[in-house]
């Protein structure tokens, strides 16, 4: 999972892009980059957080009223400078591109681009694959109608690229280009800012920065839609490859900020409803469960925990204080660092925990290590009983669309049943949300067009229809190889903070 932003403004866009990336930092902490254009491309990228990579001298150098930005966390390859986005090619025209997602036929496409299209891909990042597919598609068109050429080039991407992707690109002296995969698995939203000179446009993974930057939310980019904004700020759009809309359910569970609106559904409201449904299941399974307080595993689960407590008629309190300067453990580069990070980032408030029966609400349980440490921490600080509830069902299937879910063998729920998981994490009771209730929580309200969500990590149902056991085995082998390489790299070199 990554974060992207693209802006076409009337003046230098770099400050708005920088602020946009800060608002998307939760989506990736491994690397970041910005590319702008003022007749020539200016690029700065590196490994680490936005605030650490960009200095005043960098901002001054990144000239141009149009540009794109990216924050990354690693799903394929390694955490190397060569894999940081955006990417750039000189021909045709000169193009820069960044994306959020994952191509599960990356290896095949890399080979095809080299042998058939005579294009070299220098990194292990699938964004460079998309960039070269786009460049090759534009090269093959006749150039008489540029907008039509753009639509045809992206249509070629839709035919060749398998997976999920939302992309922003800029074609030198032509315009800003965005496109979303045919199933709309990865989010992409559009905003505008009215100016006397001409309207300014923004595209991003979330609309979390729109109010900060003065942009008005317009709409989501449709699945399979291509939008091209030319140098006169005229908008050209066409749906060239739409399939059934299947946005990722895990955006609402974990990744997106609560103030985001994705596919016309409020993430905040969806999480409130998750808490309601979870409370109903707890009441059904354990009608006499003695609960004194409900506390969230901060901070993604805060909203759901508050709603769960309210519906159970139990006091809500934030009994665990999170150090905001520690990264999200789910996207830490290695297992050892994830475990260390949990110890450093959470501090209990004894008065809220000691001598109480505590229900901890978390967003999900992946490997079980974080859950085990949180339960242990709460018990160590005096809780009489510790129960754990997850707003999501048990995770059993790897995500092939851009979330760094582990291989099946690493999922705690793949190896153990619920009773065994409960025992392994040291809880007195464990409650998982039902998948039907999670889906209902996301889709209950909102002026949306969602018929079905991508629930592959819970159900094993991959919406693109091209993921079978052979594909899963190949992906797991590649991830295991990537993990082995990453574990050999010293942590200071991985993070480069």
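Quick notes on this structure:
- Just one of (1) over 28 Å from residue 472 (Cα atoms); (2) crowded, with 18+ Cβ neighbours inside 10 Å fails for residue 93. It is (2).
- The listed residue being over 18 Å from residue 294 (Cβ atoms), assigned by TED's automatic domain parsing to the domain that holds residue 300 and modelled with pLDDT of 95 or more, out of 419, 337, 410: 419
- Test: residue 264 is on the phi > 0 side of the Ramachandran plot and either free of Cβ contacts under 8 Å to residues at least 60 places away in the same chain or in contact with a strand residue (DSSP E or B) (Cβ under 8 Å, 6 or more places away or on another chain) (or both): yes
- Looking across region 283-296, the residues that are in contact (Cβ under 8 Å) with a residue 40 or more places away in the chain and either more than 23 Å from residue 349 (Cβ to Cβ) or not assigned by TED's automatic domain parsing to the domain that holds residue 374 (or both) come down to 285, 286.
- Subset of region 318-334 [at pLDDT 85 or above and buried (at least 20 other Cβ atoms within 10 Å of the Cβ)]: 319, 320
- Residues in region 166-175 that are farther than 13 Å from residue 134 by Cα and surrounded by 24 or more Cβ atoms within 10 Å (Cβ to Cβ): 166 only.
- Of the residues 257, 219, 283, the single one that is in a helix (DSSP H, G or I), at pLDDT 95 or above and surrounded by fewer than 21 Cβ atoms within 10 Å (Cβ to Cβ) is 283.
- When residues of region 207-222 are limited to those that are touching a strand residue (DSSP E or B) at 6+ places or on another chain (Cβ under 8 Å) and touching a residue at least 60 places away in the same chain (Cβ under 8 Å), the one nearest to residue 187 (Cα to Cα): 209
- Boolean, residue 57 is over 21 Å from residue 229 (Cα atoms), in a helix (DSSP H, G or I) and either in contact with a strand residue (DSSP E or B) (Cβ under 8 Å, 6 or more places away or on another chain) or in the same structural domain as residue 80 (by TED's automatic domain parsing) (or both): yes
The values are calculated or read from the model by the stated rules, or taken from the named source; none is laboratory data. Predicted model, so just to flag it, every value in this text is computed and none were measured. No Cβ is skipped: glycine too gets one built from the backbone with ideal geometry, and neighbour counts run over all protein chains shown.
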